[in-house]
1. Evaluate the relative contact order of the stretch 8-123 (contact order divided by residue number), counting alpha-carbon pairs under 8 angstrom at least 6 apart; express in whole percent.
2. Within 10 Å of each candidate Cβ there may be at most 12 other Cβ atoms; applying that plus a DSSP loop requirement, which GluC sites (Glu not before Pro) in the stretch 26-131 survive?
3. Between Leu93, Leu73, Leu114, where does the largest GNM mean-square fluctuation fall for the chain, given springs only between Cα atoms within less than 10 Å?
4. Would you be so kind as to identify all helices of the chain, as entire DSSP H runs, whose Cα atoms reach 15 Å or more along the helix's own axis and whose mean Kyte-Doolittle hydropathy is at least -0.5?
5. Can you compute the helix-only [θ] at 222 nm over the chain? Use -39500 (n - 2.57) per DSSP H run of at least 4 residues, normalise by all residues, nearest 500 deg cm²/dmol.
6. Along the positive direction of the dipole of the chain (beta-carbon charges: Lys, Arg +1; Asp, Glu -1; about the Cα centre), which of Ser85, Met103, Gln13 reaches farthest?
7. When the dipole is taken about the Cα centre of the chain, and only Lys, Arg (+1) and Asp, Glu (-1) are charged at their Cβ, what size is it in debye, to the nearest 20?
8. Just rank Tyr101, Tyr39, fewest to most, by other beta-carbon atoms within 10 angstrom.
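The numbers here are math on the coordinates, done by the rules we state, and not lab data. In this text, all values refer to a predicted model and were calculated from it rather than measured experimentally. Because the Cβ atoms are built from the backbone with ideal geometry, glycine has one as well, and the counts that use them run over all protein chains shown.
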Amino acid sequence: MNATETTVRELAQRDGLTADVFQLGAHIRDDDGWEHNAYSVTLRMDGRQITTPFRQGMGIREQPVAFDVLESLLLDASSSEDDFSEFCASFGLDDDSHQAYRMFRACQRTARKLEAFLGTRFGEYMDEDRS
């Protein structure tokens, strides 16, 4: 990254991104055995909002902040830019898997919701360095 590039964190600070975080549960174990804390997070910016579930592992003690959640959503959204076969190859998934296809579709839905939330800034956020 050179001195003129802007990071997603800097964009979020510039744009006044805020979050309301509500913890849904602690030490939850999902069907795959992953133990995590579960949250419902509402991001707000420029009179728009998006509410999303958010989970993080037990090694992270602090509640998520706005940037953490936005970063996660951007990563999911960027995963949907590939076609399904490339998506599977990127994550070591079987492209004949219904579960993998559901994950791919979820990333596509996230991208659409995030684009509606970020509006004209969506491309700028998607193009920036994730740090």
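1. Details: 140 pairs, mean separation 22.7, N = 116.
About 20 percent, as a whole number.
2. Details: sites: Glu35, Glu62, Glu71, Glu81, Glu86, Glu115, Glu124, Glu128; in loops: Glu62, Glu81, Glu128.
Answer by residue number: Glu62, Glu81.
3. Most flexible of the set in this elastic network: Leu93.
4. Working: long enough: 66-79 (20 Å, 0.92); 98-118 (30 Å, -0.61).
Both cut-offs are met by 66-79.
5. Values: 5 runs with 56 residues, N = 131.
Helix contribution divided over all residues of the chain: -13000 deg cm²/dmol.
6. Value: Gln13.
7. Numbers: 14 positive and 25 negative charges, 135 e Å.
About 640 debye.
8. Numbers: Tyr101 16, Tyr39 19.
Fewest to most other Cβ atoms nearby, the residues stand as Tyr101, Tyr39.
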